[in-house]
Amino acid sequence: MAGDFDISSVRGLLALDSRGNPTIKAVVATEGGGLGVALAPSGASRGEKEAVELRDGGRKWRGKGVSLALARLEHVVAPRLVGVDSRRQSYIDYMLEAIDGRGNFSFLGGNVATAVSIAVAKAAADTAGIPLYTYLGSPATPVLPTPLMNIINGGAHAGNDLDIQEFMIVPTGFDSFTEALRASVEVYQSLKSILKEKYGALAVNVGDEGGFAPPMKTTREALDALINAIKAAGYEPGSDIALGLDVAASQLYRSDKGVYSLEGKELEPARLLDFYESLADEYPIVYLEDPFSENDPQSFAETTKALGSRVLIVGDDLYCTNPRLLSQLKSLKPTNGALLKVNQVGTLTRALEYARIAAFNGMRVIVSHRSGDTEDPFIADLAVALASGLIKTGAPARSERTAKYNRLLEIEYENEGVARYAGWDPFPARRH
Ligand code: 2PG
Ligand code: MG
């Protein structure tokens, strides 16, 4: 006899992501009436070792169609999953890897695996009648994460001249997520007025993650605008709201010359580190992601040695959420933070394994969206489940970003009087 948690059907639907590209929506149902719906996000600044997104190529959808991926979901994955207990997450995820058989999801599609893996967890939670964050992590005291809010977009996410991809505000000095979000929205809006006044109305057009994409040329220009916006909104830069950067430096690396192209200059790794050190001296920076190319873990380690006592140095493309890669690199101590994006590795089980290895090695885990994202709020629940204390999910604008913030508001509300806001806790030191 079938149990309530047994999977009764698995379907795949075409959906659009926030850049208007096709993606996969997986719908998993259980015998007990549980339903899990999950959508795969998609990155622009992708690490070389990420799970492969399966795309059709050709003319339709300008090559980005997912009909082959949907066919694999329906004909190869669904028949194997029907009848399996949806709580057997790791068994199901290993089965997805076995079906793929290539070690990088180039046959099955990382987009298929991600959507199915997450939808299975949601279906099990729904069958049990408990929130997803409880199902995944059963936190006794839910910790609401401090958001790393990308409000100026550059690099591969915007059509301006800023080389650095993400300029983030980090609302550390607040007692609740709701208050932190309110302050961040005030800063976002005051930045909008400042940019409009200084650069004209075109400057407040937004990039892929909802941050503004002003016609600025330098890192300091963007950081100064953030400081001014924080002050204009009535907050103290550093103690109330700190700053973060995602350099996405693989995009700036010139492998032929071994240098980084930044603001019209070609910098050797040691000079780039000098640049980061001077920025950290001048600005209340608490977070620095992908400061060097993903193929240069040594320079990450030097950055962590130099700045790790006051700044969270974070590997994104460096690790690609891959537990094997993280294990190989960990003895170098390249970073004190590890970014987690389920679709980089393709399954929830691998992403959770990665989070565990990071934690064993004293690294903070940052649960992250992708630049091409969807209305799926999943990462909000995952951040609370992991008690990671940090989430990166863009500006407080555009529904694919606010879906996550709105879910966190809901979780805080549901746990009133019990939940705690992470604030400064995830950072190596306070910056006042
Ligand atoms: C990053 C992400 C998300 P993308 O580099 O951290 O901000 O961008 O999804 O384009 O890889
Ligand atoms: Mg990144």
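Got at least one residue in the stretch 234-248 being among the acidic types (Asp, Glu), in the same structural domain as ASP316 (by TED's automatic domain parsing), on the phi < 0 side of the Ramachandran plot and in contact with a strand residue (DSSP E or B) (Cβ under 9 Å, 6 or more places away or on another chain)? Lay out the reasoning, then the answer.
Narrowing the stretch 234-248 to residues among the acidic types (Asp, Glu): 236, 240, 246.
Still in the list and also in the same structural domain as ASP316 (by TED's automatic domain parsing): 236, 240, 246.
From the residues that got through so far, the ones that are on the phi < 0 side of the Ramachandran plot too are 236, 240, 246.
Remaining after also requiring in contact with a strand residue (DSSP E or B) (Cβ under 9 Å, 6 or more places away or on another chain): 246.
Checked against the condition, which is being among the acidic types (Asp, Glu), in the same structural domain as ASP316 (by TED's automatic domain parsing), on the phi < 0 side of the Ramachandran plot and in contact with a strand residue (DSSP E or B) (Cβ under 9 Å, 6 or more places away or on another chain), the stretch 234-248 yields at least one hit.
Give the residue, chosen from TYR199, TYR260, TYR253, that is within 16 Å of ligand 2 (Cβ to nearest atom) and surrounded by fewer than 21 Cβ atoms within 10 Å (Cβ to Cβ). Spell out the reasoning first.
Details: TYR199 fails: within 16 Å of ligand 2 (Cβ to nearest atom); TYR260 fails: surrounded by fewer than 21 Cβ atoms within 10 Å (Cβ to Cβ).
Result of the check over TYR199, TYR260, TYR253: TYR253.
Pairing residues of the stretch 5-17 that are of a type in the set (S, T, N, Q) with residues that are crowded, with 18+ Cβ neighbours inside 10 Å, at Cβ distances under 8 Å and at least 6 apart in sequence or on separate chains, gives SER8/ALA29; SER8/THR30; SER8/GLU31; SER9/VAL27; SER9/VAL28; SER9/ALA29; SER9/ALA78.
Table: residues versus (1) at pLDDT below 95; (2) part of a loop (DSSP other than H, G, I, E, B); (3) within 22 Å of VAL143 (Cα to Cα).
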site	(1), (2), (3)
ASP161	yes, yes, no
GLU179	no, no, yes
VAL187	no, no, no
LYS198	no, no, no
ALA203	yes, no, no
ARG220	no, no, no
ILE230	no, no, no
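Against the criterion of being within 30 Å of ASN21 (Cβ to Cβ), away from ligand 2 (no atom under 15 Å from the Cβ) and open to solvent by less than 40 Å² (accessible area, probe 1.4 Å), LEU318 does not qualify.
Filtered by the rule that a residue be under 20 Å from ASP100 (Cα atoms) and either open to solvent by 10 Å² or more (accessible area, probe 1.4 Å) or not hydroxyl-bearing (Ser, Thr, Tyr) (or both), the stretch 335-351 gives LYS341, VAL342, ASN343, GLN344, VAL345, GLY346, LEU348, THR349, ARG350, ALA351.
Considering only residues in the stretch 339-364 that are under 12 Å from TYR319 (Cα atoms) and not in a helix (DSSP H, G or I), the one that is nearest to ligand 2 (Cβ to nearest atom) turns out to be LEU339.
Being under 20 Å from ASP56 (Cα atoms), open to solvent by 50 Å² or more (accessible area, probe 1.4 Å) and touching a residue at least 24 places away in the same chain (Cβ under 8 Å) is true for just one of ASN111, ASN104. Which residue is that? Don't jump to the end; show me each part of the working.
Details: ASN111 fails: open to solvent by 50 Å² or more (accessible area, probe 1.4 Å).
Residue meeting the stated conditions: ASN104.
When every residue of the stretch 137-150 is checked against the conditions, none turns out to be without any contact (Cβ under 8 Å) to a residue 60 or more places away in the chain and of a type in the set (Val, Ile, Thr). Taking the stretch 267-291 as the range and being charged (D, E, K, R), farther than 23 Å from ASP256 by Cβ and away from ligand 1 (no atom under 16 Å from the Cβ) as the test, the residues that pass are GLU277, ASP281, GLU282. Considering the stretch 388-414, the residues that are surrounded by fewer than 19 Cβ atoms within 10 Å (Cβ to Cβ) and away from ligand 1 (no atom under 15 Å from the Cβ) include one that is nearest to THR172 (Cα to Cα), namely LEU409.
Within 20 Å of VAL27 (Cα to Cα) and open to solvent by 60 Å² or more (accessible area, probe 1.4 Å): is that true of ARG72 in this structure? Against the criterion (within 20 Å of VAL27 (Cα to Cα) and open to solvent by 60 Å² or more (accessible area, probe 1.4 Å)), ARG72 does not qualify. Counting only residues that are more than 16 Å from ligand 2 (Cβ to nearest atom), assigned to a loop (DSSP other than H, G, I, E, B) and surrounded by 23 or more Cβ atoms within 10 Å (Cβ to Cβ), the stretch 32-50 holds 1 of them.
The values are calculated or read from the model by the stated rules, or taken from the named source; none is laboratory data. Bear in mind the structure is a predicted one, so any value in this text is a computation, not a measurement. Backbone-built Cβ (ideal geometry, glycine too); neighbour counts: all protein chains shown. Heads up: the accessible areas ignore ligands, DNA and RNA and are worked out on the full protein's heavy atoms, side chains in. Shrake-Rupley method; radii C 1.70, N 1.55, O 1.52, S 1.80 Å.
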